[in-house]
Every structure is written in C-alpha cells, then in structure tokens.
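Read the structure below first, then the notes.
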Amino acid sequence: MLATGASMTKMSRAPSSAPSGHLLPQGEKGRPGLPSLGRAPHNRSMSLLRIPALAFERFVAHDSWAIASHIALSVLMSLFPFLIVVTALGGVFGTQQAADEATALLLEAWPREIAVPIAREVRSVLTAVRGDVLTFGAILALYFSSSGVEALRIGLNRAYEAYEWRAWWHTRLESILYVVGGAVFMLAFAFLVVLGPLILRWLIGFAPALAPLAILLGFLRVVGATVLIVLALIVAHRLLPARAPHIEALWPGILVTLAFWLVGGLGFGWYLDSFAGAYVTTYAGLATAMIALVFLYWLAAIFLYGAELNAAIAIARAPKAEPGEAIASL
C-alpha cells in the first residue's frame, strides 16, 4: 500500500520547469493510460443524466479507487499524530479542555460504531501527551500528519487534470502549514464550543426564561461539526490542486460529497450495527482499525467523485471545447 502511494506521488508530478497551473494534456499527448474523456457532441449539450456518468468514467480512468485507498491509509496514519499536535498546542496555550473538545468535534460526524472505539484509543494515547511533545516528536508528528494532505492533493490534481509543477519539499511544507493552521483553527473553534455553555449559564442566571435554549447546544455541536467539514472541503478543493478552481465552481461537488457522506455514514453505521461481528471474527484485535480504514476508503472515494463531478460539469458547459480546456475554465 505504501509503495502504491509513493508511485502515485511520483506519477502526479511533472518537471519543476512546468509553469504554474499547467493543464494536464489529454489523450496520446498526456499521461500514458489517461485517455481524453468527456468531450460532448458539438451539436447538443450533454444531458443532465450524462454528467454523473461521465464523472464516474473519469473517476475510474483516473485510478480513483486506488487513490482512495491511498488517502484512507494516509488519513488513518495521520489521525493520531494530528490529534497529538492539537493536544500539545492546547497544553502550550493552556486550553486543554478546548483540545479535548476539538478531538470530540473531529469525530462528531462519524458513525457512533466507528467514533466510539476510535475516541477510546485516542483518549488512551492523548492522556500521556504533555506540552513538551512540541520538540523532535512534534516534527515527526507534523510530517506524518501532513501525509493525509498530500494524498488528497494527488487525487485532486488528477481530477482537475493539473500537473504538480512544484517541488516535493514545497508541497510538503505547504501541507505541514495546513496541518498547523487546521490545528489552531480547531482549537479556536473548540474554545468557542466550550465557552458557549458557560456564557449560556451566565445568561440564564440573569434571565431564567432563557433556560429552554440549553436544548439547542446539542444541535449547535452538530452544526459546528458540519461547518468544519464544509470549510475543510472548500480549502481542499481550492488550495491543494496545482491549479486552483474558482470557488463558485466547487459547490456542486461539495454538496454531492456532503450528501453522499451523510447517506453513506448512516448506511455504514446500520451495517456495522447489524454485522459488526463479521469484522471481529475476521480481523480479531485489528477490527477497529479495519472498520475505520474501510469507512475512510468510502469517504475518500466519494470525495474524489465530487471533484470529478465538478470537472464533468465544466466539460458539459463547453461541449465544443477539449476536456482540458473546459476544465481550465473552473
């Protein structure tokens, strides 16, 4: 699996002399094995039903199933280092409760059957973490946690047909900055979540009629987790690819990703509730890790399909243009 990920990284890069945002050529002029896909007939626009089918064709042609497995493994491997960084920063800034809340928010949108075992393992790891982890161990944690960002970059570059013209150390440093920025943002957001109940209790002390608002706290937690997910999707689609699409062109793929994630999460949760024993009997003590890996695999596949859907919509809007030129309009 790791070897596959390395080969994908190598394939996604072009010579450093290529200009910024250079498009990936199509067909025989482009990368071997990636044929030109999605050119619509000149005399009519692509049908609405054809767009999702074209997105899936591009998904398969760009080896997205394999890239999804690379993303899933990288995210699972980077999850614990990222939470260690979050907890260490919380200890430095004296906001340990916010760090714990950030961990809970990160797993808020996961099915309970997956989130509970992962949260238990996370808790057992983080209880031993101190502020002095921001030393050499933090450097390693930052590097490994940035691997998940790099895996997402590979998939998005293929979906939007862009060469990765930047040097490997440039993209790796950029990914590390995203990890640090994400950790700080999650701490700040979680601090507000922790502060919210305190403010509400203070207000209720002055105005008891506001007491019914306390039932909204659970709803606001879900809204907060949703906002974090949407912001993460926007940042990923907008900033990770070598050629950044316009933000207004990203919403179809983002909305489809959110909808499929919601349906897929409910379905996977039901499946685990009914057939979780199959994983236990097959993987024994590794069942929790395998369940999380399969769940992340489907999340990654849906994420990549959302990017391919954005590209397919761009092709449908310019039926007379070559696919690469149409995607350049994103």
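If you stretched the chain out fully between MET77 and MET290, how much longer would it get, using 0.36 nm times the residue separation minus the C-alpha to C-alpha distance?
75.5 nm
How much length, in nm to one decimal, is gained on full extension between ARG201 and TRP270, taken as 0.36 nm per residue of separation minus their Cα-Cα distance?
That pair, ARG201 and TRP270, stretches by 21.2 nm at full extension.
Mind listing the long-range amide H neighbours of ALA162? Cut-off is under 5 Å, sequence gap 5 or more, other chains count too, H placed in the peptide plane at 1.01 Å from N.
Residues meeting the amide H criterion: LEU24.
State whether the range 231-330 is rounded, prolate or oblate according to the following rule on the C-alpha gyration tensor (a ≥ b ≥ c being the square roots of its eigenvalues): a/c under 1.5 gives rounded; otherwise a/b larger than b/c gives prolate, and the remaining case gives oblate.
Verdict is prolate for the range 231-330.
Show me, for the range 247-258, the HN-Hα J-couplings you get by feeding each phi into the Karplus relation (A = 6.51, B = -1.76, C = 1.60, θ = phi - 60°), rounded to Hz, glycine and proline as x.
Calculated HN-Hα couplings, in order: 5, 5, 7, 8, 4, x, x, 5, 5, 5, 4, 4 Hz.
Going by how many other beta carbons lie within 10 Å of each one, how would you line up TYR279, TYR305, fewest first?
In order of increasing Cβ crowding within 10 Å: TYR279, TYR305.
Subtract the Cα-Cα distance of ILE215 and LEU262 from 0.36 nm times their separation in residues, and report this length gain in nm to one decimal.
14.6 nm
Every number here is computed from the coordinates shown, using simple stated rules; none is lab data. Keep in mind the model is a prediction, meaning the values are calculated, not measured. Cβ atoms come from the backbone with ideal geometry, glycine included; neighbour counts cover every protein chain shown.
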